[in-house]
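**Q** Please find one structure pasted underneath; my questions will follow.
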Amino acid sequence: MSEFAEILDTPDKNGAAATGPIRQYVTFLVDERSYGVDINLVREIKQWTPTTTLPNQPHYTRGVLNLRGTIVPVHDLRARFGGMLTEATEVHVVVIVWIGSKTVGILVDAVSDIISVPADEIRPVPSGQSLGDMSALNGLVNTENGMVALLDLNTLFPVEEDSF
Amino acid sequence: MSRVLAVDDTRALRVMLADCLKKGGHDVVVAADGVEALEKLREHRPDIVITDLNMPRMNGLDFIEAARKEEAGKTLPMLLLTTETAQALKDRAKAVKATGWLTKPFDPNQILSLVEQLA
Amino acid sequence: MDDDDDFDFQALFFEECNELLGTLQEHLNQLADGTGDEETVHAAFRAVHSVKGGAAAFGFDQLISFAHIFETVMDLIRSDQLDPTDEINQILLRSGDMMEVLIEAAQTGTSIDEERISVLREELEDLAKNGGASEGDDAPSDEAADPEAPQADNGGLELFSDASDDTAGTPDAKHGAHEATEEDANTPVPTQEIAVRFLPEQEFFSSGHDPLRLIRSARSLGLTSVEVQGQVPTLDSFDPNNCPLGWELVFDTDKGEEELDAFFEIYSHIATIEFIGGEQDVDEAELSSVQDANGSAGAGDDAAQAAPSSAPEDAKKPAAAPSGGAPSADGAARTATAPPAAGDQPAKRSAGSTKSLRVELSRIDRLVNLVGEMLITQAGIAQKLMEIQSQAGEDGMEMGHNVDAMSRQLRELQESVMAIRAQPVKSVFSRMPRVVRDLADKLGKEARLTLEGEHTEVDATVIEELAEPLTHMLRNSMDHGLEPNSEAREQVGKPRVGNIKLAAEHRGERVIITIEDDGRGVNRERVHKKAIEQGLVSAEDSLAPEEVDMLIFHPGFSTAEQVSSVSGRGVGMDVVKKKIVSLGGRVALESNPGKGTRFEITLPLTLAVMDGMTIVVGDQKFILPLSSVVEALHIDENARKHLPSGDVLLERRGEFLRLIDLRRVLSTPVTEHEVDMAIVVDTETDGLVALIVDELIGQRQIVLKSLEANFRRVEGISGATILGDGQVALILDVPSLLGMSGGGSYSEMMH
C-alpha cells in the first residue's frame, strides 16, 4: 500500500491544468446512486462469489471469502446504508479495498468509472441530505454523470487494530 | 523510457497500471482486450506489453500467441499479469511464448523494475 | 560502507544479540542456582564478549564500555581468580539485565542515563580490583581453548587498543600479534560474491527475452563478470531463435541473495538458474562478520569446524576457502591453525555452528504455506476421487491408493517442514527470570524462579504468543501468590525466598506449561465475596472450592487488591485465559490453601495446522477441533429431556449432557428435516456437551487461517480454513459457543 501511495499520491503530471492536486476515485453503483472510493485504497475488483456466513454479525456483513489464501470479510454497501440485503448474483461486484492495515470486500451493484477530481472541487457534505449515513461520507463531487458521494471507509466499516 | 502497452478489461485496473507506469516515466498505450491490443501493437510498436489474462473477445494468452506472429511482436517482451495461478495456464503461457507471469495484485515497484529489466 | 548496508548489518547484529542475551541470562541463572559447571562460565563470558565485539563494530559506546567491565569480571571468574559468591552472582544477574537495557537503547538509538549504569559499573569495577587483577589483565587469557575469542576481540580493536595489545602479549594467543595488524587493515567489506549459473531454454529469445538486456540490468545489482558456457554453434547451423548458450554471472554485491532471487524470478520458467558457490558459507560469513566484525575469519573458521579433517587440504588450496572478501591466504592460515583448537574442545562449538544453517523465518513460512496449500489441493483431489470412484472401477482403486500414498507423504513433508520451525521454549523462558527479579524489587519480595524443560520444542508461532501470557501469570504469582513479604513466609514456616517454578513438557501432540508457586494459594473467601459483589455469582450459589478458584478467570473479575502497581495494568487473568484459548489451548488451576498455586497451560504444538472434524450445519460446513471431539451419536427421541428453562438435555449412558442446537447458536437457516445426529465434545471448562449437527463429513487436517488478520475476533469462532473447493469454513470454538447459547450466569455454566 505504501508503495501505491508513493507512486500515486504525487500530483498527476498528465492531469488537466486544474487547480489543486488531482484525486482519483473508483466509482461504483448501488441502487443507481454513485459512490466513490480513493483509487489508492482499491486493491482489486472481483466478481461476486458466495461467501461463508459468520454468526452474530451486523446484517450488512455478508461473511468471508477466500482471497488467494487469506480470509477477507465482505460487507454489503446497500445494507450498510439501510437498504435491503443485496440479492447478489454473478453480475454483482466486490470491490476489495484497504481499510487501515486490513483488506475488506465491499459488495456493490457494479463498478462504473474512474474519475479524476481536483481536490478543491470536492464539496463538503451538507447536513440534512437524504443519502443515508452522512458521517460515512467524505465529500460530494459533481460530475457530468451526476453526483458521486465519496465514502469514508473507516467510518463505514471500522476495523480493530490488533492488540493483546 | 519505454513505450508500454497495458491491456486489461477492467478499467480501474487498467488505469491503475497505466498510472503507475506513467509515474515511472514511461509512455503508456492502453487496450481493453486482446483484439484492441493487437491493433495498438501494430499501430504503436511498444517496447513491452503487460496484459491481463481473462478478457472478453480475445484473452491474454490468445493475444500473445497472435502477437508473436506479428512483426511487431516477434521478440517483444510480453508479461501476463493475472490473479490466476493454475499451472495449466502457466504451461500454456510458456507454450505461447509469454515472456513472464506476474500475479495480481501488482507491486508498482516490481512492475517498474521489470520494465527496466526487460524492455 | 553506505548507510543502507550499515543498517542491514545492525539489524542482524541485534538479532544475534537477542540470542546471545538469552544464552547469557540462562547461564547466569545457572551460575546463581549453583547448577552450572565450568562450561557455564565460559559460555556466559563468550556471550558478553561477542556482544562487545559487535557493539564495537558499530560504535555503541555505552554498551561497549559496560560489556568491557562485565567481561573483565567474567574473565576473572572463569580463570578462578574470583569466586562467584551469592552476592557476586546477584551483581552478574543485574549486569545481564543491564546488557539487555543497553542493547535495547542501542537499537532504538537512545542512550541510558549514566546514573543508572554507574552504580552497577562501580560494583563491577570493585570486583575487578578485588579479584586481584588490574584493568590491563582483563584480556581473555585462554584464547586457544576458545576459538571464538580472538576474532571477536579484533572486532573491537579500534576502540580497545589496550585490550588487543594484551591479547597479542598473551603467550596463549597463538596468532595474536600477527593477525591483529593484518586484520586491522581489513575493515569488514559488506559485499559478498555470489555466482549464478543461468541456462536459458531454447525458447528464451522467442519468448521476448534478451540476454543483453538481462546483463545490462544485472549491472545495477553488482554484476562483475559474465562467462559464456556451452558451445557456440557454427555459423551455418546458427539459429537466432534458439539459444544454445548459458552464462555464469558473478555478482559482487551488498544485496542479499533474496534480491537476486527477485531479479531472476521472471526467468524461472524459461531458464535454469542455479546459485553456485556455497550459500551456506556465505550466510555464515555474513553472520560472523557481524558477531566478530570480521567476515573472513568467521567463514574460515566455520569451514574448519565443518570439516576438521579436510582442513589441512584446504590450506594447501587457498582458492577453495570460502570467499569473504579477505585475502585467501589469511583464511587458509586460519583453517590450518584451527583444527587443534577444535580438537581440544570437541564438544564446544560443534553443536551450535557446524550443523546449523540460518534461514530467515519468512522463507520457512513460505514453505509452510505452500505445504498447507498442497494439503488443501490434495483434499480437493481426494474429495473428487471419492465422488467418481464408484464408477471408475479398478483404475479408480489404483488412483485411490496413489492419492492415499501422496497424502501420507504430504503429511510427512509437512511434519518435516514444521520441525524446522520448532524452537525450544527457552527463548521465552529465559526472559522470565528478569521479569521475576524486576517484580521482586518492585514488590519488596524475595523470590527465585526455577526453569524446567526449557529445551521442549514448540512451533515458532506458539513461542511468539507465549511471552505475554507467561509474563502476566508470573506477575500474578508474584503479586497474589507469594506472601506479602519474607517475614510473613517465615511465620508460617516457609523459607524466606519464595519459589516459583516454570516448566514445560510434551504430552502427546500438546505442550504443557506449568507455573507453580509456593505461596498462599487462592484466597477463596475473598474471591467468593468479590464475585458476589460484582454479581458474577449469587450468594445462594454454593460453589465447590475449585469453582471458586476458577472465578479468577472470569471476565470482569478483579479484587480490589488486584489494582496494584504490578498486576493493575488493566489485565486480569481472564485476558490470559482468553489468549490461551484463542491459541487453541486451555488453562487449569489447582490451588492448595497455604501451600501454593499451580497453573497448567496446555497448548497445541503448532498454530499452523490442526486436525479437524468437518460437519454441516444449515447450509454451511464447519470444523470442530478433533482434539475436543469425543464421539458422534444418533439422538434417540427418548433420550431428549426438556427442562422448564427451555434447555434440552441428552441422556448418554445414564449421564445428562447439555444438548445444543448449533443451527440456533450459529443462526443458520434451519433445514426442514428432523436431525438426529449429535457430536459429543469436551469443552474442558464445562465438561461434555452434545452438539446437534445436520451432517458429519469426516476428519481431515486443516490449515488454520486467521479471521482477525482482516476482520476481528468472532465469538464462537476460533479461526477459519479453506476447503478443497476454495470455500471458507469456520472453525468452531466450543467453549465460547456455549457462552453464546446459554448466556446464563456463571454458576449455570459450571454444570
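FYI, it's all coordinate maths here, none of it is from the lab. This structure is a prediction, so every number in the text was calculated from the model and none was measured. Quick reminder, even Gly has a Cβ in these numbers, built from the backbone with ideal geometry, and neighbours come from all protein chains shown.
**Q** Loop-only trypsin sites (Lys or Arg not before Pro) in region C:381-415, please: DSSP not H, G, I, E or B, and at most 16 other Cβ atoms within 10 Å. Provide the component values of the computation, followed by the final result.
**A** On the way: sites: C:K384, C:R408, C:R411; in loops: none.
Within region C:381-415, no trypsin sites (Lys or Arg not before Pro) qualify (loop, at most 16 other Cβ atoms within 10 Å).
**Q** A follow-up question, please. In debye, nearest 20, what is the charge dipole magnitude of region C:476-538 about its Cα centre with +1 on Lys and Arg Cβ and -1 on Asp and Glu Cβ, if you could check?
**A** Values: 11 positive and 11 negative charges, 29 e Å.
It comes to approximately 140 debye.
**Q** Could you state the number of Å between the C-alpha centres of region B:50-65 and region C:52-112?
**A** Their Cα centres are 64 Å away from one another.
**Q** Output needed for chain B: three equivalent-ellipsoid semi-axes, defined as square roots of 5 times the C-alpha gyration tensor eigenvalues, in descending order, whole Å.
**A** 18, 16, 14
**Q** Over the whole of A:59-72, what's the average partner chain Cβ count within 10 Å per residue? Rounded to a whole number, please.
**A** On the way: counts 0, 0, 2, 0, 3, 10, 3, 11, 4, 8, 9, 6, 13, 5.
Per residue, the average neighbour count from other chains is 5.
**Q** Which lysines, on any chain, are close to C:K501 with Cα under 27 Å apart, when same-chain ones fewer than 8 places away are left out?
**A** Counting by Cα, and skipping residues close in sequence, C:K501 has these lysines nearby: C:K426, C:K442, C:K445, C:K577, C:K578, C:K579, C:K595.
**Q** Next question. Could you work out the mean count of beta carbons from other protein chains within 10 Å of each residue's beta carbon in C:619-630?
**A** Numbers: counts 2, 5, 1, 2, 0, 0, 0, 0, 0, 0, 0, 0.
Taking all residues of C:619-630 together, the mean is 1.
**Q** Using only Cα positions of region C:580-681, each an equal point scatterer, no hydration layer, compute I(q)/I(0) via Debye at q = 0.19 Å⁻¹ and quote the log10 values to two decimals.
**A** Log-scaled intensity ratios, in q order: -1.09.
**Q** Follow-up. Mind checking the mean number of beta-carbon atoms from other chains within 10 Å of the Cβ atoms in C:723-730?
**A** The shielding value for this peptide is 4.
**Q** On to the next question. Taking 7 Å along the Cα-to-C-beta vector as the label spot, tell me the C:R496-C:K442 distance in nanometres, rounded to one decimal.
**A** Using points 7 Å along Cα→Cβ, the separation is 2.4 nm.
**Q** Also: Just tell me which lysines come within less than 16 Å, Cα to Cα, of B:K23; anything on the same chain fewer than 8 places away is out.
**A** A:K13
**Q** Can you list the HN-Hα couplings for region C:652-661, worked out from phi with the Karplus curve (6.51, -1.76, 1.60; θ = phi - 60°), rounded to whole Hz and with x for Gly and Pro?
**A** Whole-Hz 3J(HN,Hα) from phi for region C:652-661: 9, 6, x, 10, 9, 10, 5, 9, 10, 8.
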